[in-house]
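Q: The structure follows.
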Amino acid sequence: MQRLRRICRRELVGFTECWRYAMPGYERDGEIEIAFKVQRRYTSLYVSRLDVMDKVRGRLAGLSVGKGCVRFPRVTAIDWDLVTDVTRLTATTRGEVC
């Protein structure tokens with residue numbers, strides 16, 4: 001969880017770190033765009049920007065993926081490059097938040 005937070009704090013410049021829905025989140029203009037939660041069976045990365053999810057969807061094969069959620073089955077399965085790319089894309093573009 002600390003590594004996820006470090007990446008978010010480094011890449012999401014101009015975002016405000018917050019605690020919503022029982023998980024850490026990062027908001028811009030009052031909208032949460034990235035959040036994550038470590039759960040018993042997986043770690044979830046929530047991405048509220050569907051345009052960002054569309055850009056990385058080809059890299060999500062083999063993972064449990066929802067409309068705006070990527071679930072990694074184990075901490076060792078987290079693709080840190082993917083997490084960094086998602087946060088960078090979120091920070092450097094603006095789009096509709098779902």
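The values are calculated or read from the model by the stated rules, or taken from the named source; none is laboratory data. Note that the coordinates shown come from a computational prediction; the quantities given were computed from them, not determined experimentally. A quick note on method: Cβ atoms are made from the backbone with ideal geometry, for glycine too, and the neighbour counts reach across all protein chains shown.
Q: Yes or no: E27 surrounded by fewer than 17 Cβ atoms within 10 Å (Cβ to Cβ), more than 11 Å from the chain's Cα centre (by Cα) and either modelled with pLDDT under 95 or under 21 Å from E96 (Cα atoms) (or both)?
A: no
Q: Continuing with this model, one more query. How about segment 53-75: which of its residues are under 21 Å from R10 (Cα atoms) and either touching a Gly at 6+ places or on another chain (Cβ under 7 Å) or polar (S, T, N, Q) (or both)?
A: M53
Q: To continue, here is another question. Which of (1) without any contact (Cβ under 8 Å) to a residue 12 or more places away in the chain; (2) surrounded by 12 or more Cβ atoms within 10 Å (Cβ to Cβ) does I32 not meet, given it meets every other one?
A: (1)
Q: While we're on this one: Within the bounds of segment 46-61, is there any residue that is surrounded by fewer than 16 Cβ atoms within 10 Å (Cβ to Cβ) and closer than 21 Å to R3 by Cβ?
A: yes
Q: May I pose another question? With respect to K55, determine if the residue is in contact (Cβ under 8 Å) with a residue 12 or more places away in the chain, in contact with a helix residue (DSSP H, G or I) (Cβ under 8 Å, 6 or more places away or on another chain), in a loop (DSSP other than H, G, I, E, B) and closer than 21 Å to E96 by Cβ.
A: Here the answer is no, as K55 does not meet what is asked.
Q: As an exercise: evaluate G68 against (1) of a type outside the set (F, W, Y); (2) surrounded by 13 or more Cβ atoms within 10 Å (Cβ to Cβ); (3) within 16 Å of R5 (Cα to Cα); (4) modelled with pLDDT under 95 and give the number of the one condition it does not meet.
A: (3)
Q: Going through segment 23-43 one residue at a time, which ones are assigned to a strand (DSSP E or B) and charged (D, E, K, R)?
A: E27, R28, E31, E33, K37
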